Every structure is written in structure tokens, then in C-alpha cells.
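The values are calculated or read from the model by the stated rules, or taken from the named source; none is laboratory data. Predicted model, so just to flag it, every value in this text is computed and none were measured. Cβ atoms come from the backbone with ideal geometry, glycine included; neighbour counts cover every protein chain shown. The protein model used for the area step is the full one, side chains on, heavy atoms only, and it has no ligands, DNA or RNA in it. Shrake-Rupley method; radii C 1.70, N 1.55, O 1.52, S 1.80 Å.
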Amino acid sequence: MVGLNALRSTLGAIAWVASRVSSVESRYKIRSRMYGPFSSGPCFWLHGASLGECKMLLSLAQILKRDVPEIPRILITTQKTEVLEFLKPAVEELGFETSLAPLDSPAVMRRFMESVQPVMLVLAENELWPGYLSAMRKAFEEPRVALISGRFFHCVDASDFGSIGFASMQTGADLARFMAASEYSFSAKAIVGGDWKLLRWAKFPEEMRLPRQADVDSAFVSFHREEIKPLCRMLLLALQKKEAVVLAPRFEEELPAFRDALCQKKMPTVEWPEVQKGAVSLVTEYGKLTEIFKVSRAAVIGGSYSRSLGIHDFWEPLKLGVVTYVGPYCRGQQASVEALLREGAVVRLRRPLDYASRTVPNPDAVCRFLSHEREKALSSYKAFLGFVRSTVLSVEQKSDLDGKA
């Protein structure tokens, strides 16, 4: 643990030096992560990394605010500047707060904790930053951290897992690895609760029953530059059939590489939201996937055509009734994808050539699978809600006692 703290201190020193390079500071906002300004507490702190995780947390925040009206001001932090910009309008409208996550160094965490005064910390998926856990352990005698929709493979140090009072893991394999990492000393409630990207849909399925106009034959979403070669082969097959297709790269900064590849293959292109038969509609803005899925018949999920990448969110098209295809790899979500494949709820395109002869997943299998996932999400949320209520109640009771004193 001493060695880990030394590494965290070194990280802070390196980050300070990096912040003095204007191009680095402009992109990563390191000074904001180190010096704030941080929100004024007490706050109910939720933290995620990428857009998918933070959209999940935003939905969770709305649900919590309804179910626990007395909850303190909600703060959502993220590791990515582009996610922060995407979240800001919705967060401000809902009366929540959002900011870049604090740098995980001892000095920064002291400043952050003094300002934010988090009554509880909710971590999404695998964001088990050691400094965050350590800071919450030092601040409270009882566990005040919850891990939701957890994905777990390994960690550097599990000594502060005692600060976690609730853990809902996506799969049984995730739960087993998590327990093994803590040497089976984890005494708080730990359950298999599925992927909480489905939570809002599980609680309010009527929101997803929207009229759909399927102008797009196939949407190729969240593809990386490393996947350009197999992607172009599938796009050419689609255009040969005069399909209307949409391409949404994972990162905006990779757009030039995709444009060049489409130009070299002489593929006609337009810019989203324009859609044409026999052309590729290229998405040039971040955060448009829900909008795209609402007008698409099928979706091919990026991150699954490179062994080194992780597959991206396949739940959103599924819950919106979009036929969903994945590539040969499913790093990071292997258990969930393999279960979907076994049930026939998604179809795997092992080679780009498979796109031409692709089959359609069984709609009944999709409904059955999602029904099972819905029950897992609702059950685990109910357990989480109990943990939140008991935590918030203990905060109120302590405040009352302090007031009387």
C-alpha cells in the first residue's frame, strides 16, 4: 500500500508537469482535475469513465432522485472531457452537477474530499480507483462505496475493498473474480445484477416503445481505426445491395482516417442526418447513437473486429428493437455476449463476408433474454436502493445529533 501511494504521488507530479504543455492541458484539462474548482458539498458522488457508463449514471441519478427525494445534491464525474461536454446540458436541466474526475493522487483527493464532502460514492463497472476507495475509507467508519454493473478482471491492490458496502456485478464470473481478489474477505452485500445500462428500460419499458421509421438498413457504430479494413469490406457489400448505411466512428479525432478509407474505396458519402440508398452516412458528432438506432433496422457493433479492443454497448440497440450483430471478438463482455449468442438473441459475423449472407436473430429469443435481464436489473437495484436509503438516513441522523450538540 505504501508503494501504491508513492506511485500515486508520482502520478500527481507527472500530471503537474504535463499540465504546463498547452496542447496537453487543452485536451485533458489536467489543472481542473488537480485544482478544481470542485463542487461544494455535501454531495452524492457518482463516477464513470466513458459515455456509456455516464449515461447509465445519469439515468440512475434521475431514478434515485425520484425514489429517495432527500438525497443530497448529485455530482457525476467522468474521466473524459468530451463526455463532460455531452452531459452538461442534461445535468444542468435536471439540477445535478458534473465535472471531470479528480486526479487519483493523495494531495488532489484531500482537496476534493474537503470540498465535495461525498456522503456516498457510486462507481460504474470497473472504475475501482485506489485513491477514491482509500479516501472514502478514511472519511467514514462504515462502508460508503457502491460498485454497480461491475466488471472485474484483476486489480493492483484490494486492501481498500472494505470501503465497498455494496457490489452488483454483471456476471457470476465477474463476482467470482472480485471475491477472489479480496481473498474472500469481502463481507458486504455482493450479488449478480446484470448490466445496469438496461436499468431505465427495465423500470420504464414504455419509454422505449416509440414509433420507429427504419430509414437506415444497417448502422455500423463505435468502430475504431484498427477496424477499418473489415469495416470497409462490409460497407462495400452493403452498398452493392444499394443499402442505406450509417457509420459512427468511436472517436471524433479518428474521422479523417475513416474519410480517407471511404474515399480510397470510392464509396459515396453523405453526412448524418442525411441518409441515402447506396451511400455511407458519416456521423461527425459525439453522442448520436440513440438517435441513429431509432431509425435503423440493424446495427453492427464496433470494438468486436479487433482482438485488442473491447466490444461496445450492444444493449441499446437490443432494447430499442434493432437487430444486432457482433464481430468475432467480445473482449470485456465475453460472458454476456456468449449468452446472447447461445440464446440466438444476437448473431456473430465472424468474417466481413458473412455480412452478405447474415441471418436475422430470433425476436422471441431477444424478448426472453431481455426479460431475464430486466428481472436481474430490477432485483439488484432494489438491493442497492436499500443500501442508499440506509446510508442517507445515517447521514441525516448524524446531522440531527450534531445540531442538537
* Taking the residues in the stretch 338-378 that are outside any helix (DSSP H, G or I) and of a type in the set (Gly, Ala, Ser) as candidates, determine which candidate is surrounded by the most Cβ atoms within 10 Å (Cβ to Cβ). => ALA345
* Asked: Taking only pairs six or more apart or across chains, which ones have beta-carbon atoms under 7 Å, a first residue in the stretch 171-189 that is among the hydroxyl-bearing types (Ser, Thr, Tyr), and a second residue that is part of a helix (DSSP H, G or I)?
  -> THR171/ALA335; THR171/SER336; SER182/PHE161
* List, please: which pairs have Cβ atoms under 6 Å, are six or more places apart or on different chains, and start with a residue in the stretch 46-74 that is among the basic types (Lys, Arg) and end with one that is buried (at least 19 other Cβ atoms within 10 Å of the Cβ)? -> ARG73/CYS43
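Listed here are the residues, each with its yes/no results for (1) of a type outside the set (S, T, N, Q); (2) open to solvent by 10 Å² or more (accessible area, probe 1.4 Å).
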| site | (1), (2) |
| --- | --- |
| GLU253 | yes, yes |
| GLN264 | no, yes |
| PRO273 | yes, yes |
| ALA279 | yes, no |
| GLU291 | yes, yes |
| ILE301 | yes, no |
* Would you mention how many residues in the stretch 223-237 are open to solvent by 20 Å² or more (accessible area, probe 1.4 Å) and within 26 Å of the chain's Cα centre (by Cα)? => 4
* Asked: Applying the selection to the stretch 273-295, what residues are of a type in the set (Asp, Glu) and not in a helix (DSSP H, G or I)?
  -> GLU274, GLU285
* **Search result, residues across the stretch 12-66 that are of a type in the set (Phe, Trp, Tyr) and over 16 Å from GLU85 (Cα atoms)** => TRP16, TYR35, PHE38, PHE44, TRP45
* Structure fact -> Over the stretch 46-87, the set of residues outside any loop (DSSP other than H, G, I, E, B) and β-branched (Val, Ile, Thr) is ILE63, ILE74, ILE76, THR77, THR78, THR81, VAL83
* To do: State which residue is nearest to VAL116 (Cα to Cα) when the search covers only the stretch 40-50 and only residues that are at pLDDT below 95 and under 23 Å from the mean Cα position of the chain (by Cα).
  => ALA49
* **Residue, farthest from ILE74 (Cα to Cα), within the stretch 14-45, restricted to residues that are open to solvent by less than 20 Å² (accessible area, probe 1.4 Å) and touching a strand residue (DSSP E or B) at 6+ places or on another chain (Cβ under 6 Å)** => SER39
* the stretch 213-271, residues that are among the charged types (D, E, K, R) and not in a loop (DSSP other than H, G, I, E, B) -> ASP217, ARG225, GLU226, GLU227, LYS229, ARG233, GLU252, GLU253, GLU254, ARG259, ASP260, GLU271
* Asked: Which condition does TYR329 not pass, out of (1) under 18 Å from the mean Cα position of the chain (by Cα); (2) part of a loop (DSSP other than H, G, I, E, B), if it passes all the others?
  -> (1)
